[in-house]
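The next block holds one structure in the form of structure tokens; read it before the comments.
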Amino acid sequence: MHADNVCLLSSSLQGLREMLLVVESFALSYHVQFNPEKSVLLLFNDQNGMPIEIDLIFMGQEVCTASDASVEHLGLSIGRSY
């Protein structure tokens with residue numbers, strides 16, 4: 001990972017939303033810019049394979065849910081391995 005990357009882990013959607021509010025508040029207070037277009041939501045518990053609709057907003061934009069069980073970042077695979 002690089003110093004300009006942030007990973008948030010939460011066991012609940014509400015917890016994740018609260019953490020994103022803290023990150024947004026920090027960004028405003030310290031003039032830090034985050035690119036919400038590079039943000040991805042990765043679900044580790046998908047209700048037995050059933051699709052889940054989640055609306056998650058970060059920096060005024062909707063966060064996309066990863067279409068796969070893992071994402072690639074700087075050559076590293078993050079997520080589930082089968």
Close pairs (8 angstrom Cβ cut-off, 6 or more residues apart or separate chains): open to solvent by less than 80 Å² (accessible area, probe 1.4 Å) in the range 13-31, among the hydroxyl-bearing types (Ser, Thr, Tyr) and not in a helix (DSSP H, G or I) anywhere: Leu16/Ser10; Met19/Ser10
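Could we say that Leu43 is in a helix (DSSP H, G or I) and either within 13 Å of the chain's Cα centre (by Cα) or over 20 Å from Ser77 (Cα atoms) (or both) here?
On the way: in a helix (DSSP H, G or I): no; either within 13 Å of the chain's Cα centre (by Cα) or over 20 Å from Ser77 (Cα atoms) (or both): yes.
For Leu43, the condition - in a helix (DSSP H, G or I) and either within 13 Å of the chain's Cα centre (by Cα) or over 20 Å from Ser77 (Cα atoms) (or both) - is not met.
Among the residues of the range 67-75, is any modelled with pLDDT under 80, touching a His at 6+ places or on another chain (Cβ under 8 Å) and more than 22 Å from Val22 (Cβ to Cβ)?
Narrowing the range 67-75 to residues modelled with pLDDT under 80: 67-75.
From what is left, the residues that are touching a His at 6+ places or on another chain (Cβ under 8 Å) are 74.
Pick out the ones that are also more than 22 Å from Val22 (Cβ to Cβ) and you get 74.
There is at least one residue in the range 67-75 that is modelled with pLDDT under 80, touching a His at 6+ places or on another chain (Cβ under 8 Å) and more than 22 Å from Val22 (Cβ to Cβ).
The values are calculated or read from the model by the stated rules, or taken from the named source; none is laboratory data. None of these values were measured; they are calculated from a predicted model. All Cβ positions, glycine included, derive from the backbone under ideal geometry; neighbour counts span all protein chains shown. Protein only, heavy atoms only, side chains kept; ligands, DNA and RNA dropped before computing areas. Shrake-Rupley method; radii C 1.70, N 1.55, O 1.52, S 1.80 Å.
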